[in-house]
Structures are given as C-alpha cells and as structure tokens.
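A short worksheet on the structure shown next.
Where a number appears in this text, it was derived from the coordinates with a stated rule and is not lab data. This structure is a prediction, so every number in the text was calculated from the model and none was measured. Using ideal geometry, Cβ is built from the backbone for each residue, glycine included, and neighbour counts are taken over all protein chains shown.
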Amino acid sequence: MNKLVKRFLASSPEGKSLVILAFLTIVPFLAMLPLFFFHAADGYPLGAYPLGWLLGSLAGLLAYWSMTFGARALLRKDDIPAGSLALTLAFNFLRILLYAGVLVVAGICTFRSEWFGGFDAFNFWTAFGGLAPLTVVSLLAHFLDLRLVSDKPADKSETKE
C-alpha cells in the first residue's frame, strides 16, 4: 500500500486526476449497487441511479483523457506535428457532443423512456452528477500541484539562512 501511495504522489497532476476520477467513479457506483434490488412505487428501476452515475463518470474519464491527449499533442516541446491544432479542436467539439449525448440519452431514459421502448436504465440526475467531478478534480489537482511546486525552495542555500 505504501508503494502505491508513493507512486501516486510522484505522478503528474494528470495522473493524479485520473486516479481520483477513477476512484470517484468506482466508489459511488459500488455504494449505489444495492439500489439494483429496488423499484420505485411507479415501477422505475432504482438501478438506473448507479448506471447513470457510471455513464456520466465514464464519459468524464473519457473527456479528461481527450483533454490531456489533446494538450500533449498541441504543447510538445520539440516539433508540433501537422494537424495537432485541428485534432485539439476536434477533441473539444467531440467532448461537447459526448456531454450532450450522455445527458440526452439519460434524459430520455428518465423522462421519456417510451421513446426508447421503455428502456429506462440511466438516470438523468446521476449521469449529470457523474460528469461534475471532472471539473472539480482537474482544477483542484492542478491548483494543488502549482501550490506545492511554488512552496518548494528553489535552492537549498536559501533555506539555511
């Protein structure tokens, strides 16, 4: 366990964010698993709550991966490959489509399941909630990394004074 913690602390802010996002995908999903055995009074399956969370969280993980991949392609230190700007713009557009697709599918499953022939496997609100940690985790991880880097002394001779 100690080895995992050291590896986590030594990873980049992107790696830390991915681990935290994966943790925030798995733990709430596992906590909501007992809902699969219950139905609401109107027959709505409460298992749609964990599946909505899983759908939103997996879309958030995919979106975060596309952000970091696109940024790496655009911000290389050596030569920037042709088309990397177009790739980054395409990732941004596809990410918006991914968010919209997740929310539309979950919204139809929640509010108009008859449009999908009664398919009501995803809950809109938990899918939306599954997308939310992406912004918070990425901002906090990068802010804390910047904060920790700025707190370190630049030279050991400065600390002896």
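A few comments on the model shown:
- Summarised as an ellipsoid, region 12-147 has semi-axes of 33, 19, 9 Å, derived from the eigenvalues of the Cα gyration tensor scaled by 5 and square-rooted, with the largest first.
- Other residues whose C-beta falls under 14 angstrom from the C-beta of Gly107 contribute a net charge of -1, scoring Lys and Arg +1 and Asp and Glu -1.
- Summing +1 for each Lys or Arg and -1 for each Asp or Glu among the other residues whose beta-carbon sits under 9 angstrom from that of Ala141 gives -1.
- Cα-Cα P(r), region 1-42, percent of pairs per 10 Å interval: 24, 33, 23, 13, 7
- Across region 46-56, rounded Karplus estimates of 3J(HN,Hα) from the backbone phi angles (6.51 cos²θ - 1.76 cosθ + 1.60, θ = phi - 60°) give 6, x, 5, 5, x, 5, x, 4, 5, 4, x Hz, Gly and Pro being marked x.
- Taking other Cβ atoms within 10 Å as a rough exposure proxy, Trp65, Trp53 sort from fewest to most as Trp65, Trp53.
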